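For reference, the structure is listed below as structure tokens.
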Amino acid sequence: TDHDAALLQSSGAPAVQVTTGKVCHLDAHMVGHAVEKLPVNDEGMIIFIENVGNLVCPALFNLGEKYKIVMLSVTEGENKPVKYPDIFRFAQLMIITKIDLLPYLDFDLEKCIHYAKQINPDIEVLTLSAKKGEGLSSWYDWLLEKSKWT
């Protein structure tokens with residue numbers, strides 16, 4: 001649906017909904033057409049591409065992104081890096097989300113990070129809770145650092 005795009009647009013952020021039809025992932029052609037609809041300025045901007053589907057299909061498709069970021073909720077279990085290794089192998093950053101739920105779950109944070117590092121020793125890791133704001137400043141700092149054009 002266009003729910004997420006509408007929510008982003010209501011905050012004032014430009015967003016483009018891309019419909020994939022019956023395929024389980026975006027491709028560079030779809031993304032290219034969507035980017036043409038965005039207001040690009042000379043000051044530079046960060047474009048987020050949220051791929052669809054699961055942690056399998058999107059892993060192997062280059063969308064023209066500079067960085068691949070994988071988000072993993074603590075509700076999904078710490079074994080996801082070993083269950084879906086390709087997405088973690090190609091990602092520069094893993095964000096572990098919903099850490100405010102850790103006291104209520106059997107999720108081993110250190111084991112999850114260990115699994116991800118076994119697959120990709122260079123992967124960076126951030127933890128955050130959007131609900132409580134924990135880790136957001138580190139996420140913003142990461143974005144600012146990586147968005148510097150060199």
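Sequence neighbours fewer than 8 away in the same chain don't count; with that in mind, list the aspartates and glutamates whose C-alpha is under 13 Å from Lys148.
Correct list for Lys148: Glu43.
For Thr75, tell me the accessible area in Å² from a 1.4 Å probe, rounded to the nearest 10.
Result for Thr75: roughly 80 Å² accessible.
Suppose accessible area is computed on protein heavy atoms with a 1.4 Å probe; arrange Lys22, Lys83, Lys37, Lys111 from highest to lowest.
Correct descending sequence by accessible area is Lys22, Lys37, Lys83, Lys111.
How much of Phe61 can a 1.4 Å solvent probe reach, expressed as accessible area in Å² and rounded to 10?
For Phe61, the solvent-accessible surface is approximately 80 Å².
Antiparallel versus total DSSP beta bridges in the chain: what percent is that, nearest 5?
10 percent
Just by accessible area at a 1.4 angstrom probe, what is the order of Asp27, Asp122 from largest to smallest?
Largest accessible area first, the list is Asp122, Asp27.
Past 31 Å, Cα to Cα: identify those pairs from Lys37/Lys117; Lys37/Lys132; Lys80/Lys146, in the order given.
Lys37/Lys117; Lys37/Lys132
How far, in degrees from 0 to 90, does helix 136-146 lean away from the longest principal axis of the Cα atoms of the chain, to the nearest 10?
Helix 136-146 sits at roughly 60 degrees to that axis.
State, to one decimal in nm², a quarter of the convex hull surface area for the C-alpha atoms of segment 22-101, i.e. the direction-averaged projected area.
Mean projected area of the Cα convex hull: 6.8 nm².
Under a GNM of the chain (C-alpha, springs under 10 Å), which listed residue has the highest mean-square fluctuation: Ser11, Ser129, Ser138?
Ser11
Among [x] 2, 8, 16, 19, 21, 18, 11, 4, 1, 0; [y] 2, 9, 16, 21, 20, 15, 8, 5, 2, 1, 0; [z] 2, 9, 16, 18, 18, 15, 11, 6, 4, 2, 0, 0, only one was calculated for this model; which label is it, if the read-out is P(r) over Cα pairs in 5 Å bins from 0, in percent?
It is the value labelled [x].
Would you calculate a helix-derived [θ] at 222 nm for the chain, using -39,500 (n - 2.57) for each DSSP H run of n ≥ 4 and dividing by the full residue count, to the nearest 500?
Taking each H run of at least 4 residues, the total per residue is -8500 deg cm²/dmol.
From largest accessible area down, sort Met71, Met94, Met30, Met45; use a 1.4 Å probe on the protein chains.
The ranking, largest first, comes out as Met71, Met45, Met30, Met94.
The values are calculated or read from the model by the stated rules, or taken from the named source; none is laboratory data. The shown structure was predicted, so the numbers you read here are calculated from the model rather than taken from an experiment. Areas reflect the complete protein model, heavy atoms only, side chains present, ligands, DNA and RNA absent. Shrake-Rupley method; radii C 1.70, N 1.55, O 1.52, S 1.80 Å.
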